[in-house]
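Comments concern the structure below.
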Amino acid sequence: MDFNKLPSPSAKRIALRISAPAERALRQGHPWVFDQSITEQSHEGAPGDLAVIFDDKRRFLAIGLYDPTSPIRVRILQSRDPATINADWFQNKLASAARLRAPLDETNTTGYRLVHGENDGLPGLIIDRYADTLVLKLYTPAWVPHLKDFCDALAQVSPASHLILRLNRSLQKQAEYLYGLSDGMTLSPHTPPSLILFKENGLTFESDPIHGQKTGFFLDQRDNRSRVEKLSKNKTVLNVFAYTGGFSVYAARGGAKQVVSVDISAPAIEAAIRNMTYNNLPSSIHETIAEDAFEVLARMESQKRLFDLVIIDPPMFAQSEKQISGALSAYRKLTRLGLSVLRQGGTLVQASCSSRVDADSFFESIHQSAREAGRKLTEIERTGHALDHPISFKEGAYLKCLFATA
């Protein structure tokens with residue numbers, strides 16, 4: 001990758017003043033300034049130009065990345081104290097993120113999120129590590145002019161043999177046309193293998209960082225997978241929306257006598273089978289079904305098929321406010337279907353990755369559906385984010401999971 005072909009940020013910083021409510025939010029640590037919050041602006045800028053925000057007394061408030069193409073007009077890099085945004089600044093931020101993940105080194109884990117965007121003070125991007133490969137995903141073109149400095153800093157803090165660039169879907173056409181950047185391109189000198197093997201709590205999994213969902217694996221469910229392992233001894237386990245079988249592999253290592261993995265994607269199910277094989281787990285206990293989860297659950301209900309442990313980990317159902325009601329309805333339906341195939345006294349594990357749906361509403365939807373089904377839920381635990389997915393602001397909280405007996 002020739003970083004010299006990319007644009008450079010303007011040396012002239014954009015000066016901004018913002019509304020009083022936006023100023024209060026910024027002082028409380030919110031990492032975004034929206035376009036409608038800007039009350040004064042010195043001049044127009046390009047994606048990646050640095051914007052400095054001042055209060056009504058023209059004192060420094062914050063500095064961030066400007067993006068004229070997004071309603072999130074400025075993504076805050078630093079507040080309170082002025083800063084020079086360069087490779088050294090990026091290196092310090094990356095080093096802080098790496099220190100937070102250091103405990104994972106003691107768990108035989110080589111797959112984790114190294115940078116969790118705004119929550120690690122680097123808004124609009126994430127970085128996932130899979131063994132010796134890093135996957136950098138951008139959600140804004142504002143990072144493009146800073147890529148060289150950022151990647152130089154990344155190489156110092158967290159060296160890797162391969163660095164892959166992923167682009168959010170909304171960014172892909174713009175990045176290709178304006179900057180020659182394509183989703184899945186390699187930023188490092190050497191081309192990575194198509195499938196990457198990594199460790200998670202001593203288990204081996206594969207990741208397809210270019211064609212897979214997210215960056216190839218759902219790293220955020222690591223702690224919940226460990227919880228499932230501890231609950232699986234001599235149990236029959238149903239893993240719905242299994243993707244590549246993360247929960248299934250943990251259940252098998254935990255001593256489950258039968259594991260059923262359901263996912264609509266045949267390639268994902270094939271990967272789930274391989275993930276079992278990598279860990280020398282018996283294929284005889286693992287049944288796979290590549291069909292729609294709702295249809296499979298309904299069929300199992302009609303067959304009166306029952307399990308001791310049912311895991312329901314669906315994809316994001318609500319990407320906007322107007323989709324929240326439909327998402328909650330889908331969660332209630334899944335709870336009802338899940339309970340219909342759960343043996344009396346069994347354990348239900350149900351998760352949501354929709355940040356638009358708040359935790360209280362999600363958990364209440366499960367309880368409501370259980371009441372309507374005549375099943376008494378006894379909560380074991382409510383869980384959230386693992387240490388490599390920290391939360392620094394309200395919108396950063398998305399993952400919630402309920403463990404309960406019924």
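Here are some notes:
- Among the residues of the stretch 93-115, those that are basic (Lys, Arg), surrounded by 14 or more Cβ atoms within 10 Å (Cβ to Cβ) and either on the phi > 0 side of the Ramachandran plot or out of contact with any Gly (no Cβ under 9 Å at 6 or more places or on another chain) (or both) comprise ARG101, ARG113.
Residue-wise test of (1) under 27 Å from the mean Cα position of the chain (by Cα); (2) under 14 Å from GLU206 (Cβ atoms); (3) assigned to a helix (DSSP H, G or I).
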| residue | (1), (2), (3) |
| --- | --- |
| ASP223 | yes, no, yes |
| SER226 | yes, no, yes |
| LYS230 | yes, no, yes |
| ASN239 | yes, no, no |
| GLU270 | yes, yes, yes |
| ASN280 | no, no, no |
| THR288 | yes, no, no |
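- Residues of the stretch 175-197 satisfying the condition of being under 21 Å from ALA153 (Cα atoms) and either modelled with pLDDT under 90 or exposed (fewer than 12 other Cβ atoms within 10 Å of the Cβ) (or both): PRO189, HIS190, THR191
- Hits in the stretch 1-26 - residues which are closer than 26 Å to SER392 by Cα and of a type in the set (D, E, K, R): ARG17, GLU23, ARG24
- Enumeration of residues in the stretch 58-73 that are out of contact with any strand residue (DSSP E or B) (no Cβ under 6 Å at 6 or more places or on another chain) and over 13 Å from PRO141 (Cα atoms): ARG58, ARG59, PHE60
- Which numbered condition GLY111 fails, given (1) touching a Phe, Trp or Tyr at 6+ places or on another chain (Cβ under 9 Å); (2) small (Gly, Ala, Ser); (3) under 18 Å from PRO31 (Cβ atoms): (3)
- Residue tally, condition part of a loop (DSSP other than H, G, I, E, B) and either small (Gly, Ala, Ser) or surrounded by fewer than 22 Cβ atoms within 10 Å (Cβ to Cβ) (or both), over the stretch 340-356: 4
- Test: ARG113 is under 30 Å from ARG222 (Cβ atoms) and in a strand (DSSP E or B): yes
- Residue among ALA272, ALA252, ALA242 that alone is over 16 Å from ASP208 (Cβ atoms), crowded, with 24+ Cβ neighbours inside 10 Å, modelled with pLDDT of 95 or more and of a type in the set (Gly, Ala, Ser): ALA252
- Some residue of the stretch 364-373 being among the acidic types (Asp, Glu) and assigned to a helix (DSSP H, G or I): yes
- Only one of LEU154, LEU165 that is closer than 21 Å to SER8 by Cβ, assigned to a strand (DSSP E or B) and among the aliphatic types (A, V, I, L, M): LEU165
- Hits in the stretch 284-318 - residues which are small (Gly, Ala, Ser) and more than 27 Å from GLY345 (Cα to Cα): ALA290, ALA318
The values are calculated or read from the model by the stated rules, or taken from the named source; none is laboratory data. The structure presented is a predicted model; accordingly, all values stated were derived computationally and were not measured. As a convention, Cβ positions derive from the backbone with ideal geometry for all residues, glycine included, and neighbour counts pool all protein chains shown.
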